[in-house]
Amino acid sequence: MNAVMFTATKLDGRSSDEWELIRSIRLSPIASIVTDARADDNPIIAANRQFEQLTRYSESELVGRNCRILAGPETQRAHSAALAHAVATAAPVVLKLLNYRKNGSKFLNAVMIAPVFDDQAELAYFVGSQMEVAAGQGDLLRASAAARVDQLTRQQQAVLRLMAKGMRNRQIGEHLGLTEKTIKMHRGGLVKRLGVSSTVEAMRLAIEAGF
């Protein structure tokens, strides 16, 4: 399973992985959320300002609710089912959905979700990002993501691929025969070369590119 893994230590009632995920989406210029996979109905626990601007819902209105809040009469059932299946199987996915803002206006939404596992390999969270797109733009997004990933060095691509599979720096280092310090260097380099602000954005590009 693709995932991100963190060591869970409690900080003011939140685990360090939860804080790190929330910090990551706050840094992202893409509309993003974090959901609690361990709670009933996978509720949203954080949303960034871009998500508020895209959907017209405030974070306080979103917290505690499922992402189905964005669904409406014309939301494609097959696509919603595919998204639900990805959640049920803890699989990363990028797909397009017709969604609705709080004011009822419709928008075509390129949705990415990725599972997040804790240090005991238990599903803990999902991170999601949303982007309004035009009809037929999906292929362009995939091509753009692939082109950006292609600009990475082979070693950076190898690190990104393992990041998308949920490995931590130490595990990536063991897999590639490199030190943890070297992996951190490659992570910093690939984030910079991809032109993204966070690991969540790098993951989105990796998944869009088919990693």
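The values are calculated or read from the model by the stated rules, or taken from the named source; none is laboratory data. Quick caveat: nothing in here was measured; it's all calculated off a predicted structure. Quick reminder, even Gly has a Cβ in these numbers, built from the backbone with ideal geometry, and neighbours come from all protein chains shown. Note: areas computed on protein heavy atoms with side chains; ligands, DNA, RNA excluded. Shrake-Rupley method; radii C 1.70, N 1.55, O 1.52, S 1.80 Å.
Being exposed (fewer than 14 other Cβ atoms within 10 Å of the Cβ), at pLDDT below 95 and more than 15 Å from SER129 (Cα to Cα) holds for only one residue in GLY13, GLY64, and it is GLY13. With respect to (1) outside any loop (DSSP other than H, G, I, E, B); (2) open to solvent by less than 60 Å² (accessible area, probe 1.4 Å); (3) within 27 Å of ALA46 (Cα to Cα); (4) modelled with pLDDT under 90, the lone exception for SER129 is condition (4). Among the residues of the stretch 32-53, are any part of a strand (DSSP E or B), open to solvent by 50 Å² or more (accessible area, probe 1.4 Å) and more than 21 Å from GLY210 (Cα to Cα)? No, the stretch 32-53 contains no residue that is part of a strand (DSSP E or B), open to solvent by 50 Å² or more (accessible area, probe 1.4 Å) and more than 21 Å from GLY210 (Cα to Cα). From the list LEU83, LEU95, the one residue that fits, being in contact with a strand residue (DSSP E or B) (Cβ under 7 Å, 6 or more places away or on another chain), assigned to a strand (DSSP E or B) and either in contact (Cβ under 8 Å) with a residue 60 or more places away in the chain or open to solvent by 20 Å² or more (accessible area, probe 1.4 Å) (or both), is LEU95.
Can you name the residue in the stretch 137-152 that is free of Cβ contacts under 8 Å to residues at least 12 places away in the same chain and over 17 Å from MET112 (Cα atoms) and, of all such residues, is most open to solvent (accessible area, probe 1.4 Å)? Per the criteria, the residue is ASP150. Taking the residues in the stretch 164-202 that are open to solvent by less than 10 Å² (accessible area, probe 1.4 Å), part of a helix (DSSP H, G or I) and out of contact with any Leu (no Cβ under 7 Å at 6 or more places or on another chain) as candidates, determine which candidate is nearest to GLU18 (Cα to Cα). Among them, the one singled out is VAL200. Considered as a group, the residues in the stretch 101-114 that are assigned to a strand (DSSP E or B) and touching a helix residue (DSSP H, G or I) at 6+ places or on another chain (Cβ under 8 Å) include one that is surrounded by the fewest Cβ atoms within 10 Å (Cβ to Cβ), and that residue is PHE107.
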